Amino acid sequence: MACSDEALVGRIKKGDQAALEELVERWYPKVYAYACRMTGGGQDAQDVTQETFLAVVRSVEGFLPWRAFQSWLFAIAHNKCMDFFRLRGHAVDAPEELEKARAPEIHDRLLDAMVVEQAVARLPPLQRETIVLHYFDGFTPAEIARMTGTPLSTVRWRLNTAKHTLAQWLKEEEHG
């Protein structure tokens, strides 16, 4: 029977290296997928994922057992993604970032999933994050607000704005 995430954290607090390895193995793919969608993939996503798990190890003593591990982990991943954008001089929610972050034009008709992924990649980082956490990772707006330290109304605004922008882009792609 597999240990819960919270039980693994308890074991990690006691210095159990095997528990840490199990937790990383369990969550690495999801954190890495999130980092890929946020950063565009490659070495940047690997770096963000590694930084996330290093931060987990450094702050494991601060984990509160009544808090959902997944929310805590993705809050750390969120912070590492925002650090990634800040270190590169990107404004994380500015409209001018939209133009800089546009994916290359699609010359051939691609599968719908690829078109959506590219459209999501064109969004400003904070809108992209909200879409990724909600639609790809299944978090509710309230959970996203808690894990990112953002007011719920702002999360809902980002989600709504991003959905409208994506709908417009996908409609243009279909007719263009």
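The values are calculated or read from the model by the stated rules, or taken from the named source; none is laboratory data. Since this is a predicted model, take the numbers as computed values, not measurements. Neighbour counts run over all protein chains shown; Cβ positions are idealised from the backbone, glycine included.
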Check the range 52-65 and report whether any residue there is surrounded by 12 or more Cβ atoms within 10 Å (Cβ to Cβ) and of a type in the set (D, E, K, R).
-> no
Taking ALA2 as the residue in question, decide whether it is in a helix (DSSP H, G or I) and either outside the structural domain of ARG128 (by TED's automatic domain parsing) or touching a residue at least 24 places away in the same chain (Cβ under 8 Å) (or both).
-> no
So how many residues does the range 8-61 have that are of a type in the set (Phe, Trp, Tyr) and within 13 Å of CYS81 (Cα to Cα)?
-> 3
Could you list, in sequence order, all residues of the range 45-90 that are under 26 Å from PRO141 (Cβ atoms), among the β-branched types (Val, Ile, Thr) and touching a Leu at 6+ places or on another chain (Cβ under 9 Å)?
-> THR52, VAL56
Listed residues THR130, THR150, THR154, THR161; which is of a type in the set (Ser, Thr, Tyr), under 17 Å from ARG37 (Cα atoms) and modelled with pLDDT of 90 or more?
-> THR130
Please find, among THR39, THR49, the residue that is hydroxyl-bearing (Ser, Thr, Tyr) and modelled with pLDDT of 90 or more.
-> THR49
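Every residue, every condition in (1) modelled with pLDDT of 90 or more; (2) within 17 Å of the chain's Cα centre (by Cα); (3) assigned by TED's automatic domain parsing to the domain that holds GLU173, yes or no:
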| site | (1), (2), (3) |
| --- | --- |
| ALA18 | yes, no, no |
| VAL24 | yes, yes, no |
| ALA35 | yes, yes, no |
| SER71 | no, yes, no |
| ARG102 | no, no, yes |
| ARG109 | no, no, yes |
Take GLY10 and decide whether it is surrounded by fewer than 17 Cβ atoms within 10 Å (Cβ to Cβ), without any contact (Cβ under 8 Å) to a residue 60 or more places away in the chain, in a helix (DSSP H, G or I) and more than 20 Å from the chain's Cα centre (by Cα).
-> yes
Under the condition of being among the small types (Gly, Ala, Ser) and buried (at least 18 other Cβ atoms within 10 Å of the Cβ), which residue from the range 122-176 is nearest to LYS30 (Cα to Cα)?
-> ALA145
Residue match in the range 59-69 (condition: within 16 Å of the chain's Cα centre (by Cα) and either modelled with pLDDT of 70 or more or of a type outside the set (Val, Ile, Thr) (or both)) = yes
